[in-house]
Amino acid sequence: MTLPASLADRLNRVRDEIALAADAVGRDASDLTLIVVTKFHPAALVTSLYDLGVRNVGENRHQEAETKARECAELPDLRWHFIGQLQSNKARAVRTYADVLHSVDRASLVDALAGGDPSTRKHVRLDCFVQMNLTTDGGRGGATDESDVLDLADRIAGEPSLNLMGIMAVAPLEEAPDVAFARVHQASVRLRQSHPEAAFISMGMSHDFREAIRHGATHLRIGTAITGSRPLPG
Ligand SMILES: *Cc1c(COP(=O)(O)O)cnc(C)c1O
């Protein structure tokens, strides 16, 4: 009889697999940031992950993230990554607790993030990724090609209160992750020609982080492979 894997077991297994995948392509695993996606899970899970050494967590809904960040306020070196679609009217509120925003998908959101009272912000400059839409559905939000990425990147870089990190993407269902992630890498090379500092790539989830590492991902957003299946959204 085998016992069900614990949170620590799953976390260690994913960490091992990240190290193996990095090693296989001659990359240093210490250059990779593992963000454990805790959406729909209670703050208690965040605390358990913290006790296991996790310092980066990802959330995709403002209200839930705000509440959890408040509940975990006694964990000061824990970094909150906002990875979900963000309405412009929530942009200022997200800046009160977020350390990194992965989902800048339109110019109007850049403007909303730059507005408001600077004294309410957690960071003078918020780290931001341009989200790239890899699907064929242009209505999905996000930059659909390299020139779109550059336009949005220029806009972020032009705001003194925002710090351009690079590109974020989710592999679409209809395309092999290897092919989709190669396109992101290419867009990243192009982006760095005009913004050398924007060298980071946020991509790779539970089922495709190995491919993401192969194509230059620096920030991995991994949920279920570590947390187990998610409760239904509350
Ligand atoms: C939920 C989510 C993840 C994590 O997905 P898993 O398949 O659970 O690893 C990563 N990125 C985004 C944008 C998400 O919404």
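So, Ile213, is that one closer than 20 Å to His81 by Cβ, of a type outside the set (S, T, N, Q) and within 12 Å of the ligand (Cβ to nearest atom) or not? Judged against the criteria, Ile213 is not a match. Set side by side, the residues Thr38, Thr47 differ, and just one is open to solvent by 40 Å² or more (accessible area, probe 1.4 Å), within 19 Å of Gly223 (Cα to Cα) and hydroxyl-bearing (Ser, Thr, Tyr), which is Thr47.
Looking across region 33-48 at every residue that is of a type outside the set (Lys, Arg) and within 13 Å of His81 (Cβ to Cβ), the one that is nearest to the ligand (Cβ to nearest atom) is identified as Val37.
Applying the set (1) crowded, with 19+ Cβ neighbours inside 10 Å; (2) not in a strand (DSSP E or B) to Trp80 leaves exactly one unmet item: (2). Could you tell me whether any residue of region 172-181 is over 24 Å from Glu59 (Cβ atoms) and among the small types (Gly, Ala, Ser)? Taking every residue of region 172-181 in turn, at least one turns out to be over 24 Å from Glu59 (Cβ atoms) and among the small types (Gly, Ala, Ser). Residue pairs whose Cβ atoms lie under 6 Å apart, separated by 6 or more positions or on different chains, with the first residue in region 195-212 and in contact (Cβ under 8 Å) with a residue 60 or more places away in the chain and of a type outside the set (Ser, Thr, Tyr) and the second open to solvent by less than 80 Å² (accessible area, probe 1.4 Å) and part of a loop (DSSP other than H, G, I, E, B), are Phe200/Thr218. Which numbered condition trips up Asp77, out of (1) free of Cβ contacts under 8 Å to residues at least 24 places away in the same chain; (2) within 16 Å of the ligand (Cβ to nearest atom)? Exception for Asp77: condition (2).
Identify, from the list Leu173, Leu164, Leu134, Leu152, the residue that is of a type in the set (A, V, I, L, M), in a loop (DSSP other than H, G, I, E, B) and open to solvent by less than 30 Å² (accessible area, probe 1.4 Å).
Going through Leu173, Leu164, Leu134, Leu152 in turn, just one is of a type in the set (A, V, I, L, M), in a loop (DSSP other than H, G, I, E, B) and open to solvent by less than 30 Å² (accessible area, probe 1.4 Å): Leu134.
Looking across region 202-223 at every residue that is out of contact with any strand residue (DSSP E or B) (no Cβ under 8 Å at 6 or more places or on another chain) and in a helix (DSSP H, G or I), the one that is nearest to Arg79 (Cα to Cα) is identified as Arg210.
The rows are residues; the columns are (1) within 20 Å of Leu7 (Cβ to Cβ); (2) among the polar types (S, T, N, Q); (3) assigned to a helix (DSSP H, G or I).
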{"site": "Asp23", "(1), (2), (3)": "no, no, yes"}
{"site": "Leu34", "(1), (2), (3)": "yes, no, no"}
{"site": "Lys39", "(1), (2), (3)": "yes, no, no"}
{"site": "Tyr50", "(1), (2), (3)": "yes, no, yes"}
{"site": "Gly53", "(1), (2), (3)": "yes, no, no"}
{"site": "Gly58", "(1), (2), (3)": "yes, no, no"}
{"site": "Leu101", "(1), (2), (3)": "no, no, no"}
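Tallying residues that are open to solvent by 80 Å² or more (accessible area, probe 1.4 Å) and in a helix (DSSP H, G or I) within region 4-21 yields 4. Scanning region 114-131 for residues that are touching a strand residue (DSSP E or B) at 6+ places or on another chain (Cβ under 9 Å) and surrounded by fewer than 23 Cβ atoms within 10 Å (Cβ to Cβ) gives Ala114, Lys122, His123, Arg125, Asp127.
Residues that are within 14 Å of the ligand (Cβ to nearest atom) and not small (Gly, Ala, Ser): does region 185-198 have at least one? Among the residues of region 185-198, not one is within 14 Å of the ligand (Cβ to nearest atom) and not small (Gly, Ala, Ser), which makes the answer no.
Could you please let me know if Gly166 is more than 30 Å from Asp23 (Cβ to Cβ), touching a strand residue (DSSP E or B) at 6+ places or on another chain (Cβ under 8 Å) and either within 16 Å of the ligand (Cβ to nearest atom) or in contact (Cβ under 8 Å) with a residue 40 or more places away in the chain (or both)? First the steps, then the outcome.
Working: more than 30 Å from Asp23 (Cβ to Cβ): no; touching a strand residue (DSSP E or B) at 6+ places or on another chain (Cβ under 8 Å): yes; either within 16 Å of the ligand (Cβ to nearest atom) or in contact (Cβ under 8 Å) with a residue 40 or more places away in the chain (or both): yes.
Spelling it out, it is not the case that Gly166 is more than 30 Å from Asp23 (Cβ to Cβ), touching a strand residue (DSSP E or B) at 6+ places or on another chain (Cβ under 8 Å) and either within 16 Å of the ligand (Cβ to nearest atom) or in contact (Cβ under 8 Å) with a residue 40 or more places away in the chain (or both).
If Val104 satisfies every condition in (1) under 22 Å from Ser188 (Cα atoms); (2) surrounded by 23 or more Cβ atoms within 10 Å (Cβ to Cβ); (3) touching an Asp or Glu at 6+ places or on another chain (Cβ under 9 Å) but one, which is the exception? Unmet for Val104, out of (1) under 22 Å from Ser188 (Cα atoms); (2) surrounded by 23 or more Cβ atoms within 10 Å (Cβ to Cβ); (3) touching an Asp or Glu at 6+ places or on another chain (Cβ under 9 Å): (3).
The values are calculated or read from the model by the stated rules, or taken from the named source; none is laboratory data. Note that this is a predicted model, so its numbers are computed, not measured. Glycine gets a Cβ as well: all are built from the backbone with ideal geometry, and neighbour counts include every protein chain shown. Heavy atoms of the whole protein, side chains included, go into the accessibility calculation; ligands, DNA and RNA do not. Shrake-Rupley method; radii C 1.70, N 1.55, O 1.52, S 1.80 Å.
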